[in-house]
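This is the structure I want to talk about, given as structure tokens.
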């Protein structure tokens with residue numbers, strides 16, 4: 001058994017354990033009753049938030065890529081972003097949505113040697129969104145009382161992250177230049193150029209608005225199933241679960257997401273049954289919102305394009 005298969009089995013085990021724990025904790029009959037009583041308009045409202053958010057993220061990625069010198073139409077970037085979201089949800093977790101975005105962006109350039117820059121654009125796009133999420137989480141936490149150790153730990157992490165970004169020019173000057181020659185392409189990334197820095201800071205408000213839209217999409221679903229929590233409680237729940245779900249410890253975030261929603265709902269004094277119903281509806285909304293990505297994948301030639309067997313123009 002190779003390492004990839006071992007990791008897959010471990011992810012499957014954790015996903016299964018967490019889902020079983022959720023099923024055993026909640027009343028499935030009550031969960032189903034809440035789902036059946038949902039007004040479809042709440043689903044449409046949640047879906048609208050998510051789709052608009054995806055378009056904004058595609059635009060953000062386009063700006064960051066432009067800052068790195070990759071000139072591809074914003075329309076194409078948005079298409080590839082939807083494809084990445086579809087892959088993250090439906091394709092095997094060994095084929096990450098971010099990996100697919102980077103590979104296809106590099107291919108769309110039609111030039112050799114663009115892999116590092118394309119990959120960097122995807123990573124920096126994620127990092128930009130992470131900074132916005134940290135900011136929203138920190139603001140939302142101000143509305144609740146937390147143990148001192150929690151505040152000290154969280155504040156230290158957030159402060160270190162933002163300080164690292166603000167001091168990056170110094171880090172770049174003293175450390176990046178000392179990278180070995182085999183990492184020459186990384187050293188060549190124009191992270192210190194005015195064009196990239198402008199695009200980076202231009203993208204941060206978009207990232208922040210995207211995070212707000214994701215929270216609001218969950219709020220709409222929560223209202224649909226009777227999950228009674230404040231907007232800021234939703235923000236903390238959604239944000240912290242999203243941070244954990246990005247770790248490669250489960251199959252496409254399943255299990256971690258559902259267990260996280262139930263745990264935070266109970267922590268804030270809300271219903272675990274309602275949180276489970278919301279989690280189920282969120283999967284449906286995610287699936288519907290990512291369907292344009294399936295169309296993009298089909299037009300590109302399917303998985304063969306990603307594996308290098310086939311390449312069509314988008």
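The values are calculated or read from the model by the stated rules, or taken from the named source; none is laboratory data. Quick caveat, the model's predicted, so the values are computed rather than measured. Cβ atoms come from the backbone with ideal geometry, glycine included; neighbour counts cover every protein chain shown.
Could you check the range 54-82 and list, in sequence order, the residues that are closer than 19 Å to residue 302 by Cα, surrounded by 18 or more Cβ atoms within 10 Å (Cβ to Cβ) and more than 13 Å from the chain's Cα centre (by Cα)? I'd like the intermediate steps shown before the answer.
In the first step, residues of the range 54-82 are kept if they are closer than 19 Å to residue 302 by Cα; the result is 76-82.
Applying the additional criterion that residues be surrounded by 18 or more Cβ atoms within 10 Å (Cβ to Cβ) yields 77-82.
Within the range 54-82, 77, 78, 79, 80 meet the criteria.
Still on this structure: Checking the condition at pLDDT 95 or above, touching a helix residue (DSSP H, G or I) at 6+ places or on another chain (Cβ under 6 Å), surrounded by 14 or more Cβ atoms within 10 Å (Cβ to Cβ) and not in a helix (DSSP H, G or I), which residue from 38, 51 passes?
Criteria check complete, one pass: 38.
Right, here's the next one. Here is a check on your reading of the model: is residue 248 more than 15 Å from the chain's Cα centre (by Cα), surrounded by fewer than 16 Cβ atoms within 10 Å (Cβ to Cβ) and either at pLDDT 95 or above or not in a helix (DSSP H, G or I) (or both)?
Details: more than 15 Å from the chain's Cα centre (by Cα): no; surrounded by fewer than 16 Cβ atoms within 10 Å (Cβ to Cβ): yes; either at pLDDT 95 or above or not in a helix (DSSP H, G or I) (or both): yes.
When the stated conditions are applied, residue 248 does not pass them.
Please indicate, with yes or no, whether at least one residue in the range 218-225 is at pLDDT 95 or above, within 17 Å of the chain's Cα centre (by Cα) and on the phi < 0 side of the Ramachandran plot.
Yes.
Something else: I'm checking my understanding of the structure. Among residues of the range 254-291 that are within 20 Å of the chain's Cα centre (by Cα) and part of a loop (DSSP other than H, G, I, E, B), which one is nearest to residue 24 (Cα to Cα)?
Looking at the filtered set, the residue picked out is 255.
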